[in-house]
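Structure first, then comments.
Laboratory data are not the source of any read-out in this text; all were calculated from the coordinates shown. Here the structure is a predicted model, which means the values were calculated and not measured. Don't worry about glycine lacking a Cβ; one is built from the backbone with ideal geometry, like all the others, and counts go over all protein chains shown.
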Amino acid sequence: MPVAAPSAKLQALLKEFQQLAGMAGYLNHGFDPPQLRLQFTLYGRLRMETEAAALEAIPRLQAWSEALLLKLREDSAGAILPGQILVAPIQPFQGGGFTVVVNATFTTKVTDSGYFKVKTAVLAAYQEAVRLREAGFPEAAPPLGLPE
C-alpha cells in the first residue's frame, strides 16, 4: 500500500519549524500524513565565570526549563506533550569560564489546520532560550515567574 505524501503545507511548515529550532536547538521530524510529527530539543545555556558558579546555576536552569515546558503546554492548548529535561556536564569554555547546558526535549503533532498555537508557543520558547543565552537570568526578576 503506497504511503501518502505529505502536503505542500506540511512541508512548508516543517521548514518554518526548522528555522525556529535553529535559534537555540534542533528538530527531528517525521511525516505521518495528515500530520507532521516534531521532536524539538531546546538548549538552555549559560556561560559562567567559575565552575562553582556553573554548579550553582544548574538548579535554577532546571527550574527555568521546567517552567518553559509547562508554558509550552499551556500556550499550545496541550498540543505539545510533556517534555524531558537533561542536564549536560559542565564544560570549560575556550575563551575562559564554563558553560552549563540544560536540554529540554518535547514533541508534538502538527496538522495543516492546527499548527498556529504550536508555532506561536515554540517561537516564544526559542526566543526565551536565545534571551537566556545572550543576557543570562535577569537580576531584577526571575524569568517565567520562577522563584529567586
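Suppose the chain between Glu16 and Gln35 were pulled fully straight at 0.36 nm per residue; how much longer would it get relative to their current alpha carbon spacing? Before the final figure, lay out the partial values.
Details: separation 19, 0.36 × 19 = 6.84 nm, distance 1.52 nm.
That pair, Glu16 and Gln35, stretches by 5.3 nm at full extension.
Most mobile of Pro33, Pro138, Pro92 per a Gaussian network model of the chain (Cα springs, under 10 Å)?
Between Pro33, Pro138, Pro92, it is Pro138 that shows the largest mean-square fluctuation.
Among Thr50, Thr99, Thr111, which one moves the most in a GNM of the chain with springs linking Cα atoms closer than 10 Å?
Thr50
Given an 8 Å cut-off on Cα distances and at least 6 residues of separation, report the relative contact order of the chain as a percent.
Rounded, it is 28 percent for the chain.
Would you please give the FRET efficiency between Val87 and Glu134, computed as 1/(1 + (r/R0)^6) with r the Cβ-Cβ distance and R0 = 30 Å, to the nearest 0.05?
Efficiency at R0 = 30 Å is approximately 0.90.
Name the residues whose placed amide hydrogens come within less than 5 Å of the amide hydrogen of Thr99, ignoring near sequence neighbours (fewer than 5 apart) on the same chain.
Residues meeting the amide H criterion: Met48, Gln91, Phe93.
What are the ³J(HN,Hα) couplings of region 101-110, residue after residue, when phi is run through the Karplus curve with 6.51, -1.76, 1.60 and θ = phi - 60°? Round to Hz, x for glycine and proline.
10, 10, 9, 10, 10, 8, 10, 7, 10, 10
Hey, any idea what Rg/Rh is for the chain, computing Rh the Kirkwood way over Cα pairs? Spell out each step's value before the answer.
Details: Rg = 16.8 Å, Rh = 16.2 Å.
When Rh is taken as the Kirkwood radius, the ratio is 1.04.
Would you please give the FRET efficiency between Ile58 and Ala124, computed as 1/(1 + (r/R0)^6) with r the Cβ-Cβ distance and R0 = 25 Å, to the nearest 0.05?
Working: r = 24 Å, r/R0 = 0.95.
After rounding to 0.05, the efficiency reads 0.60.
Which whole-Hz couplings ³J(HN,Hα) result when phi for each residue of region 29-34 is put into the Karplus expression 6.51 cos²θ - 1.76 cosθ + 1.60, θ = phi - 60°, listed in order with x for Gly and Pro?
For region 29-34, the Karplus-derived couplings read 8, x, 9, 9, x, x Hz, x marking Gly and Pro.
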